[in-house]
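The values are calculated or read from the model by the stated rules, or taken from the named source; none is laboratory data. Keep in mind that what you see is a predicted model, and the values were worked out from it rather than measured. Neighbour counts are summed over all protein chains in view; Cβ atoms, including those assigned to glycine, are modelled from backbone coordinates with ideal geometry.
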Amino acid sequence: MSITLKGMTWSHPRGYDPMIACSRLWQERTGITVEWDKRSLQDFETYPVEELARAYDLIVIDHPHVGQITKEKCLAPLDVAGREAERRALAQASVGRSYPSYTWQGRQWAFPIDAATQVQAWRPDRADRAADWSEMLVMARRGKVALPMRPPHSLMCFYTLSANLGHPCRSDGMGQLIATDGGVEAFERLRELTDLIEPACFSMDPIAVLEAMSEPQSRAVCAPLIYGYVSYAMPGFRSSLVRFGDIPVAGRNGPSGSALGGTGIAVSAFSKAVDAAIDFAYFVASGEVQRGPYASGGGQPGHAAAWDDEAVNAATFDFYRATRKTLETAWVRPRHDGYMAFQQAASDRINDGLMRKDAARKVVDDLNRLFGASFAPT
């Protein structure tokens with residue numbers, strides 16, 4: 001009997017096209033069909049995973065969902081018996097903490113297929129990469145900087161700045177999110193920058209910023225904290241090329257502390273073909289596929305074999321080499337059940353505080369209160 005799996009990913013060529021390419025190859029090898037639907041980036045970041053798990057066999061997720069997913073029992077763990085060697089290879093090939101970010105309560109809930117973190121983007125025909133925060137602010141004062149501030153990206157910028165300044169936020173419930181003084185410093189740095197950007201940035205996600213930056217006459221030529229999107233570094237994807245590199249350093253520890261992103265492939269616990277779906281997950285996350293059809297299909301791989309590959313880098317103006325240091329030292333967000341609601345509320349509080357000119361200490365106090373409440377039993 002023929003098997004057809006249904007998958008859900010996110011609506012961008014980077015998220016959709018490589019899944020189509022890899023599924024075509026999988027069908028040729030196994031006879032199993034994988035059909036893909038897609039949803040907007042905003043839905044991807046906020047939509048309840050349980051609802052997707054009831055409708056799809058394969059789901060592309062991001063790691064902050066894992067605590068909620070575990071409680072809801074809506075995904076099948078991928079650490080099945082007999083495939084330990086494959087998992088060791090995947091773990092050893094993790095770019096930064098991508099692989100362990102999907103490990104929760106001793107089980108593996110997804111495999112990284114896309115590695116990303118906040119990096120720096122710029123238009124190489126109009127500007128050079130800003131080496132540090134001060135250099136970037138010079139461009140911002142000239143109206144040449146954009147920043148994605150639509151939730152949850154305002155919180156991601158706060159996370160990255162906090163950690164890069166030497167005050168990383170907590171990711172567990174053993175204390176407040178951030179010490180007041182460290183949080184105030186990060187918020188004031190963010191305020192200084194957002195006072196210099198267009199108000200429209202508060203309604204823009206990374207895709208919207210990169211679409212605007214890639215327009216030939218874009219006023220903005222630098223986005224200092226933005227999730228890397230390899231598509232825009234590929235000649236011909238848009239009319240103007242965008243390059244990517246390490247974040248501009250605000251602290252003393254190099255480009256460290258960026259808020260980890262990326263995506264993983266997960267399998268629904270409600271699937272009627274769980275074994276076939278798990279087989280596909282191992283396949284699409286493997287080094288051979290990641291540096292081959294996944295990368296050439298327009299994806300942004302999560303496997304080190306692709307990040308190290310000469311041809312993969314050559315096709316993207318060294319996107320992978322140029323951002324590797326930032327990704328290897330990236331910070332992993334909280335992942336507990338209750339985090340997703342906090343992420344939305346905290347992002348909104350940051351934006352409200354910036355737009356209303358609230359005192360930084362008041363905003364940080366509210367973030368710490370919201371964080372503590374997110375661990376409360378439901």
Kindly indicate which of Ile69, Ile20 is within 24 Å of Val230 (Cβ to Cβ), in the same structural domain as Phe270 (by TED's automatic domain parsing) and not polar (S, T, N, Q).
-> Ile20
Residue within the range 138-161 that is among the polar types (S, T, N, Q) and closer than 21 Å to Tyr339 by Cα present | yes
If we keep only residues of the range 323-378 that are more than 25 Å from the chain's Cα centre (by Cα), at negative phi and outside any helix (DSSP H, G or I), then the residue surrounded by the most Cβ atoms within 10 Å (Cβ to Cβ) is Asp358
Determine which member of the set Phe244, Phe237 is under 16 Å from the mean Cα position of the chain (by Cα), in the same structural domain as Ala131 (by TED's automatic domain parsing) and modelled with pLDDT of 95 or more.
-> Phe244
So which residues in the range 86-114 are more than 23 Å from Lys71 (Cα to Cα) and either of a type in the set (Val, Ile, Thr) or crowded, with 18+ Cβ neighbours inside 10 Å (or both)?
-> Leu90, Ala93, Ser94, Val95, Gly96, Ile113, Asp114
Residue check, Ala359 more than 27 Å from Ala85 (Cα to Cα), at pLDDT 95 or above and not acidic (Asp, Glu) = yes
Matching residues, the range 293-308, being within 18 Å of Arg87 (Cα to Cα) and either modelled with pLDDT under 95 or surrounded by 24 or more Cβ atoms within 10 Å (Cβ to Cβ) (or both) = Pro301, Gly302, His303, Ala306
Please name all residue pairs, on different chains or six or more residues apart, with Cβ atoms under 6 Å, provided the first residue is in the range 337-352 and is outside the structural domain of Pro64 (by TED's automatic domain parsing) and of a type in the set (D, E, K, R) and the second residue is surrounded by fewer than 19 Cβ atoms within 10 Å (Cβ to Cβ) and at pLDDT 95 or above.
-> Arg349/Asp366
Matching option when the condition is over 18 Å from the mean Cα position of the chain (by Cα) and under 21 Å from Pro13 (Cα atoms), among Asp79, Asp37, Asp62 = Asp37
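Return the residue satisfying two criteria in turn: it lies in the range 270-288 and is β-branched (Val, Ile, Thr) and more than 10 Å from Ile113 (Cα to Cα), and of such residues it is surrounded by the fewest Cβ atoms within 10 Å (Cβ to Cβ).
Val274
Surrounded by 17 or more Cβ atoms within 10 Å (Cβ to Cβ), closer than 28 Å to Asp337 by Cβ and free of Cβ contacts under 8 Å to residues at least 40 places away in the same chain: which single residue out of Glu72, Glu50 fits that description?
After applying the criteria, what remains is Glu50.
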Of the residues in the range 300-322 that are assigned to a helix (DSSP H, G or I) and touching a strand residue (DSSP E or B) at 6+ places or on another chain (Cβ under 6 Å), the one that is nearest to Asp17 (Cα to Cα) is Phe319
Residues (surrounded by 17 or more Cβ atoms within 10 Å (Cβ to Cβ) and of a type in the set (S, T, N, Q)) located in the range 199-242 | Ser214, Ser218, Ser231, Ser240
Please work out if Leu25 is hydrophobic (A, V, I, L, M, F, W, C) and touching a strand residue (DSSP E or B) at 6+ places or on another chain (Cβ under 6 Å).
-> no
Residue by residue through the range 1-35, note down the ones that are modelled with pLDDT under 95 and in a loop (DSSP other than H, G, I, E, B).
-> Met1, Ser2, Ser11, His12
Return a yes/no flag: does the range 115-131 have any residue that is more than 22 Å from Ile207 (Cβ to Cβ), surrounded by 15 or more Cβ atoms within 10 Å (Cβ to Cβ) and out of contact with any Asp or Glu (no Cβ under 7 Å at 6 or more places or on another chain).
-> no
